[in-house]
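Each remark here refers to the structure printed beneath this line.
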2 protein chains.
Amino acid sequence: MQQQMSVITLGIADLGRSKRFYAEGFGWTPVFENDEIAFYQMNGFVLGTWLQGGLEADMQRGGLARPGAFALAHNVASTEAVRTTIDRLKGAGGRVLREGDAPPHGGFRGYVADPDDHAWEIAWNPAWSIDARGLVTFGL
Amino acid sequence: MQQQMSVITLGIADLGRSKRFYAEGFGWTPVFENDEIAFYQMNGFVLGTWLQGGLEADMQRGGLARPGAFALAHNVASTEAVRTTIDRLKGAGGRVLREGDAPPHGGFRGYVADPDDHAWEIAWNPAWSIDARGLVTFGL
């Protein structure tokens, strides 16, 4: 089967608050939005931010918890860019979970929670390649 | 900033059990694995499955909950493939949350929880395109 994920959908409480984080913090533009969901075209898949009730109804499972046991990551080009990105996300409604520092496996990273408590790792990882379209490859 | 996500990392309790779901259920091959993490090269990003304690230590935040307020999606080519994929995932340790049916916005989808209770939507969505490399585009 194709090793493919088409969407990650985050359950959120407030569309405007969430959009501020993604649009002002990361600087991303929605490809579609209405009064309950916003979609962002990403590197080969789509990121959705959906009012949690809609997601729960679609999944037919209520009581989804935040923070959930997962992390998303966004890679940048330098340790300095890790710091400035974390600051920018903080200014757009994010909350710093871990300031940038060097993990044992190399590189540099910190963590920021979005306004709905979903964790984003902001990382500089010289061991992985990212092309001009944003496509990320494990290893070089 | 690049509209890019490099990794999604799922917190898991048992590597072997998780790997069975992803390797036997989806038929995916890890690009790297050790005794605490497995990485899968996906369509332009990397999927990680990491023992939850490791993820929590890295994030400097404990008590991450499952199921979290998010869903991942994998798209297939037909309504019949939605049904057979759900059955295959069920046979590899998944739990059906919603059998395949047609949502109001079109297409066909169901939901399966992986062995760590992370939700996967299995969808046929004729309104989005997926190329031979698995790269997914919102719209056609």
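Observations on the structure shown:
- Across region A:66-79, the number of residues qualifying as of a type in the set (A, V, I, L, M) and either within 14 Å of A:Ala113 (Cβ to Cβ) or touching a Leu at 6+ places or on another chain (Cβ under 8 Å) (or both) comes to 4.
Let's see how each residue does on (1) at the interface with another protein chain (Cβ under 10 Å from one of its Cβ atoms); (2) over 22 Å from B:Val76 (Cα atoms):
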site: B:Gln3; (1), (2): yes, yes
site: B:Ile12; (1), (2): yes, yes
site: B:Gly16; (1), (2): no, yes
site: B:Arg20; (1), (2): no, no
site: B:Glu24; (1), (2): no, no
site: B:Met42; (1), (2): yes, no
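- Subset tally (residues that are among the aliphatic types (A, V, I, L, M), assigned to a loop (DSSP other than H, G, I, E, B) and more than 13 Å from the chain's Cα centre (by Cα)) for region B:1-57: 4
- Of the candidates A:Gly27, A:Gly11, the single residue that is small (Gly, Ala, Ser), at pLDDT 95 or above and within 29 Å of B:Asp87 (Cα to Cα) is A:Gly11.
- Of all residue pairs spaced 6 or more apart or on separate chains, those with beta-carbon atoms under 6 Å, a first member in region B:125-137 that is farther than 15 Å from B:Met42 by Cα and more than 7 Å from chain A (Cβ to nearest Cβ) and a second member that is assigned to a loop (DSSP other than H, G, I, E, B) and among the small types (Gly, Ala, Ser) are B:Asn125/B:Gly107.
The rows are residues; the columns are (1) more than 9 Å from chain A (Cβ to nearest Cβ); (2) under 17 Å from A:Gly48 (Cβ atoms); (3) surrounded by fewer than 17 Cβ atoms within 10 Å (Cβ to Cβ).
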| position | (1), (2), (3) |
| --- | --- |
| B:Gln52 | no, no, no |
| B:Arg83 | yes, no, no |
| B:Ala92 | yes, no, no |
| B:Gly106 | yes, yes, yes |
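For (1) free of Cβ contacts under 8 Å to residues at least 24 places away in the same chain; (2) crowded, with 17+ Cβ neighbours inside 10 Å, each residue gets a yes or a no:
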| site | (1), (2) |
| --- | --- |
| A:Arg17 | no, no |
| A:Ala38 | yes, yes |
| A:Met42 | no, yes |
| A:Phe45 | no, yes |
| A:Gln60 | yes, no |
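- Hey, A:Leu140 surrounded by fewer than 15 Cβ atoms within 10 Å (Cβ to Cβ) and of a type outside the set (Asp, Glu) or not: yes
The values are calculated or read from the model by the stated rules, or taken from the named source; none is laboratory data. All values reported here derive from a predicted model rather than from experimental measurement. Every residue, glycine as well, gets a Cβ built from its backbone with ideal geometry; the counts of neighbours run over all protein chains shown.
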